[in-house]
1. Cβ-Cβ under 7 Å, sequence separation 6+ or interchain: first residue in region 142-165 and free of Cβ contacts under 8 Å to residues at least 40 places away in the same chain, partner of a type in the set (K, R). Which pairs?
2. Among (1) in a strand (DSSP E or B); (2) closer than 30 Å to S234 by Cα; (3) not aromatic (F, W, Y), there is one condition S340 misses while meeting the rest; what is its number?
3. Within the set of pairs 6+ apart or on separate chains, which have a first residue in region 268-283 that is closer than 14 Å to F247 by Cα, a second that is at pLDDT below 95 and among the basic types (K, R), and C-beta atoms under 9 Å apart?
4. Listed residues W148, W100; which is on the phi < 0 side of the Ramachandran plot and at pLDDT below 95?
5. Quick one: which of E171, E183 is charged (D, E, K, R) and within 28 Å of R60 (Cβ to Cβ)?
6. Can you name every residue in region 232-248 that is of a type in the set (D, E, K, R) and crowded, with 23+ Cβ neighbours inside 10 Å?
7. Does region 148-159 include one or more residues that are within 27 Å of E351 (Cβ to Cβ), out of contact with any strand residue (DSSP E or B) (no Cβ under 6 Å at 6 or more places or on another chain), of a type outside the set (S, T, N, Q) and assigned to a loop (DSSP other than H, G, I, E, B)?
8. Counting only residues that are within 30 Å of G282 (Cβ to Cβ) and either at pLDDT below 95 or among the β-branched types (V, I, T) (or both), how many does region 233-260 have?
Amino acid sequence: MTAKMDRKSLSALFRVLWSGAALVCLLLPAAAAGPEQWQQATAPREWKFPRDHGAHPAYRTEWWYFTGNLNDGQGNAFGYQLTFFRQGIRLHAADPADPWSVRDLYLAHFSVTDAAKKRFIFDEALSRTGPGLAASRENGLDVRLLGWSARMKGGAVLLRARGRTAWLALELAPQKPPVIHGEKGLSRKGPLPGQASYYATCTDLKTTGLLKTESAAAPVRVTGTSWFDHEFGSNQLAAEQAGWDWFSLHLSDGKDLMLYFLRRSDGAIEPASSGTMVDRQGKSRHLPLSAVKVDVLDHWKSPHSGVSYPSRWRIRIQDEGLDQLVSPLLPDQELVTTRSTGVTYWEGAVEGRGTSENRKVTCLGYVELTGYARGLGGLF
């Protein structure tokens, strides 16, 4: 690979490596590392923050995932997604002294939902490593790609992204400690050894900053709540797993909820699917699949891709007295990322109402739906 490798060549390489999947819980095979193999998520790890918000290059796949629900103070609601992915090409650079000797590739997705104007905007970025192009630091959060960035300053996270028709500059202040998902520190994606990831989240980040869209003459000041997922591992999605549905919800009583459901190609849900409930003080509780019931109440068919997605849900957790009806702020929040991964997926801001501890509450959050346009299992 040379310094002259263009965007078209990079995009083609990414589609081979990621094959339409580089989102939550899809991990690629370890064989490409050669004699020295990528590390696997097989046992609990000792987390140290803020160090572990940084990169873990011994694992092949890693992502930093930010979503948030914002308001401009005039009653206008917005959502945003900013995601960075690191994909290891080889375990060690062929020539570590040469900044053009590629070890990792990076990509990012950026979207803004403008509920008042019924507009959904998304953009994508893609680059090899190299001087000033893309990189991530190991000792703490500092990831960047062609001018887009997420980094920690003091205890806050600073986000910057400028797409073709939207940009944002946000500061995120954690209100709760990081949560480690999974049972005994492993977020399992299937029954096989290593078919898991290390997965940590800051579920409640007080958010302030500026947001600009193509329909606004000037940037607007926004406030709200964000969610920061960080996940890494080195194994692959099982052949029989077609995709996943992922939920992150902020409840008005101060609780936060994460759920993911891995869908098999036969329509069944992978038993390793699970969730996490975080209480008002930040204490978390693992939720096995048996503790959660989600019913799909409606569907939406994309005019862009022709794909049909679930579009309204009822979520129930009996032990929490939780019963929520959740709907998108906009039906059309689909990303067709032909300039990077080639993935077509739905990722959008949602709202809901119902009960928690059998008391009336509302919620805001995000939902991600993958594998509906094309099954993701067995592509590697």
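The values are calculated or read from the model by the stated rules, or taken from the named source; none is laboratory data. This structure is a prediction, so every number in the text was calculated from the model and none was measured. Don't worry about glycine lacking a Cβ; one is built from the backbone with ideal geometry, like all the others, and counts go over all protein chains shown.
1. If the second residue must be of a type in the set (K, R), the pairs left are G147/R162; S149/R160; L158/R151.
2. Against the list (1) in a strand (DSSP E or B); (2) closer than 30 Å to S234 by Cα; (3) not aromatic (F, W, Y), S340 comes up short only on (1).
3. Short answer, once both residue conditions are applied: S273/R188; S273/K189; S273/R263; S274/R188.
4. W100
5. E183
6. Result: D245, single match.
7. no
8. The qualifying residues number 4.
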